[in-house]
Amino acid sequence: MRKPVKALEMVKMLTENEDYIGFCIGITENSNSRKNWSLAIYIGNGFFLHLYDRKNGVNESVFDDILSINQIHKEALKNKNWKSKDVKYLDTFLENDFEFAFYANNIIEISNEHKLDTKNIISTLKSNLSEIHQLKEGDVVVFERGFYSHHAILYDTSYMTVVHKWGEPENSIPLGIASKSIIGIPNEKACVSEDFVIEVAGYRSLSKGNHIYDSKHKPSNPFTEKLNL
């Protein structure tokens, strides 16, 4: 898993290349000794479009606005007249302690590369965020892969990561071509790794794994609690 970067690094990255329009970005705010995770999409000129935050859930109105666009492409995202409450400027994050996770998921490029309907990808992302909002650390997360499903355990809600058995470690794959994240096809060498939920899902759906004992026992996080042997 690539480590999150600070705001100054993100500013430099985004201002140097407008091709980043359409990328999803995780934002973790360190506030009152708690870390709050949210998700945004970069729309150019240093602006983010707010999609989700851990406290309030999915931003329904902004998803409705995106889906109302006739043809969703980079210029459409950049030039649309968005509601001020849904847009945040990159410089405003410099005043406080924020960390950014730049996900290898560009909605526009995934749509073009795999000949998929962009609106379907947006709708799936919205549905996935609704599922993510219900998850707790220690929950099983099921990622749909069409002819099979991939299972992982939610590890850290501060950065929204899962632990799972997968392909090559994320940091060994160049940004933007992480096939294991976008397509979901494991590489030959398997290992246990920590990865961002959004990247593992890619353009496919995810859900909370149901267990027959969920109604009787409260799920615990096996990574933070000691086992009583």
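The values are calculated or read from the model by the stated rules, or taken from the named source; none is laboratory data. Every value quoted in this text rests on a predicted model; they were computed, and no experiment measured them. As a convention, Cβ positions derive from the backbone with ideal geometry for all residues, glycine included, and neighbour counts pool all protein chains shown.
Determine which single condition E99 fails, assuming it passes every other condition in (1) part of a strand (DSSP E or B); (2) over 15 Å from the mean Cα position of the chain (by Cα).
Of the numbered conditions (1) part of a strand (DSSP E or B); (2) over 15 Å from the mean Cα position of the chain (by Cα), the odd one out for E99 is (2).
Yes or no: S207 within 18 Å of the chain's Cα centre (by Cα), outside any loop (DSSP other than H, G, I, E, B) and either of a type in the set (A, V, I, L, M, F, W, C) or at pLDDT 70 or above (or both)?
Working: within 18 Å of the chain's Cα centre (by Cα): yes; outside any loop (DSSP other than H, G, I, E, B): yes; either of a type in the set (A, V, I, L, M, F, W, C) or at pLDDT 70 or above (or both): yes.
Criteria met by S207.
Which residue is modelled with the highest pLDDT, if the candidates are limited to region 136-168 and must be surrounded by fewer than 19 Cβ atoms within 10 Å (Cβ to Cβ) and at positive phi?
Filtering region 136-168 for residues that are surrounded by fewer than 19 Cβ atoms within 10 Å (Cβ to Cβ) and at positive phi, the one modelled with the highest pLDDT comes out as G138.
Identify all residues within region 3-31 that are farther than 24 Å from E75 by Cβ and over 13 Å from the mean Cα position of the chain (by Cα); write none if there are none.
K3, V5, K6, A7, L8, E9, E29, N30, S31
Within region 70-78, does at least one residue satisfy the condition of being among the acidic types (D, E), within 24 Å of I121 (Cα to Cα) and touching a residue at least 12 places away in the same chain (Cβ under 8 Å)?
Going residue by residue through region 70-78, those that are among the acidic types (D, E) are 75.
Now restrict to residues that are within 24 Å of I121 (Cα to Cα): 75.
Cutting the leftovers down to touching a residue at least 12 places away in the same chain (Cβ under 8 Å) gives us none.
No, there is no match, as no residue in region 70-78 is among the acidic types (D, E), within 24 Å of I121 (Cα to Cα) and touching a residue at least 12 places away in the same chain (Cβ under 8 Å).
How about region 1-92: which strands (runs of 3 or more DSSP E) wholly inside it have at least 1 residues that are within 20 Å of Y203 (Cα to Cα)? Break it down into steps so the answer makes sense when it comes.
Numbers: elements: 23-31, 34-44, 47-53, 87-89.
Strands (runs of 3 or more DSSP E) meeting the threshold: 23-31, 34-44, 47-53.
Please verify whether region 79-86 includes one or more residues that are in contact with a strand residue (DSSP E or B) (Cβ under 7 Å, 6 or more places away or on another chain) and under 25 Å from Y159 (Cβ atoms). I'd like the intermediate steps shown before the answer.
Looking only at region 79-86, we keep the residues that are in contact with a strand residue (DSSP E or B) (Cβ under 7 Å, 6 or more places away or on another chain), and these are 82, 86.
With under 25 Å from Y159 (Cβ atoms) added as a condition, the list becomes 86.
Checking region 79-86: at least one residue is in contact with a strand residue (DSSP E or B) (Cβ under 7 Å, 6 or more places away or on another chain) and under 25 Å from Y159 (Cβ atoms).
Check S111, S84 and return the single one that is surrounded by 18 or more Cβ atoms within 10 Å (Cβ to Cβ) and among the hydroxyl-bearing types (S, T, Y). Show your work before the answer.
Working: S84 fails: surrounded by 18 or more Cβ atoms within 10 Å (Cβ to Cβ).
Unique residue meeting the criteria: S111.
Considering only region 108-138, how many residues are outside any helix (DSSP H, G or I) and closer than 27 Å to V5 by Cβ? Before you say what the answer is, go through the steps one by one.
Within region 108-138, the first condition is being outside any helix (DSSP H, G or I), and the residues that meet it are 114-117, 135-138.
From what is left, the residues that are closer than 27 Å to V5 by Cβ are 135-137.
Count: 3.
Regarding L14, is this residue loosely packed, with under 13 Cβ neighbours inside 10 Å, within 19 Å of A101 (Cβ to Cβ) and at pLDDT below 95? Talk me through it step by step, then tell me what you get.
Values: loosely packed, with under 13 Cβ neighbours inside 10 Å: no; within 19 Å of A101 (Cβ to Cβ): yes; at pLDDT below 95: yes.
Here the answer is no, as L14 does not meet what is asked.
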